[in-house]
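J.: My questions will all concern the structure given below.
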Amino acid sequence: PTQIGQLKNLNFFMADNNTLTGPIPSQFGSLTSFRRLDVENNLLTGPIPNELFGMSTLEKLILSNNSLSGTIPSLVGEL
């Protein structure tokens with residue numbers, strides 16, 4: 001949900017193996033102390049939001065085994 005961007009103190013979001021559907025919210029990118037996103041083994045669709053790759057605090061990004069589409073953003077090298 002888009003409201004995830006309002007959780008300013010959120011550091012980790014680990015929801016692997018939960019049959020989550022829909023796109024990854026770009027609002028994760030507005031979390032200033034966010035360090036880990038683990039949503040592998042779900043039913044997520046759509047592109048990987050570019051906003052995730054501009055986060056200086058992000059340490060782990062685990063997205064495997066979903067139905068994501070598009071290309072891996074060139075910003076991935078900045079993690």
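The values are calculated or read from the model by the stated rules, or taken from the named source; none is laboratory data. Small disclaimer: the values here were computed from a predicted structure and weren't measured. Cβ atoms come from the backbone with ideal geometry, glycine included; neighbour counts cover every protein chain shown. In case anyone asks, the SASA skips ligands and DNA or RNA and just uses the protein heavy atoms, side chains included. Shrake-Rupley method; radii C 1.70, N 1.55, O 1.52, S 1.80 Å.
J.: Would you mind getting the accessible area per residue of the chain, heavy atoms of the protein chains only, 1.4 Å probe, in Å²?
T.: Solvent-accessible surface per residue comes out at 60 Å².
J.: How do 62-74, 22-34 rank on mean C-beta neighbours within 10 Å, highest first? Please list the in-between numbers first.
T.: Numbers: 62-74: 12.6, 22-34: 16.7.
Most protected by this proxy first, the peptides run 22-34, 62-74.
J.: Follow-up question, since we're still on this one. Sticking with the crude label model, points 7 Å out along Cα→Cβ, report the distance from residue 9 to residue 43 in nm, one decimal please.
T.: Result for the modelled spin labels: 3.4 nm.
J.: Let me ask you something else. If a/c stays under 1.5 just call it rounded; otherwise compare a/b with b/c (prolate if a/b is bigger, oblate if not). Do that for the chain, with a ≥ b ≥ c from the square roots of the Cα gyration tensor eigenvalues. Mind showing how you got there, number by number?
T.: Values: a/c = 1.57, a/b = 1.17, b/c = 1.35.
The shape class here is oblate.
J.: R0 = 25 Å: FRET efficiency of residue 18 with residue 56, Cβ-based, nearest 0.05?
T.: Working: r = 27 Å, r/R0 = 1.10.
That pair, residue 18 with residue 56, gives E of 0.35.
J.: Only Lys, Arg, Asp and Glu count, each charged at its Cβ (+1, +1, -1, -1), so figure out the dipole size of the chain about its Cα centre, rounded to 20 debye. Don't jump to the answer; show the numbers that get you there.
T.: Details: 4 positive and 6 negative charges, 33 e Å.
About 160 debye.
J.: Ok, one more. How far apart, in nm, are two points set 7 Å out from the Cα along the Cα-to-Cβ line at residue 64 and at residue 32?
T.: Between residue 64 and residue 32, the label points sit 3.4 nm apart.
J.: Select from 6, 41, 52 the residue farthest towards the positive end of the dipole of the chain; place +1 on Cβ of Lys and Arg, -1 on Cβ of Asp and Glu, and compute about the Cα centre.
T.: Result: 6, furthest along the dipole toward the positive end.
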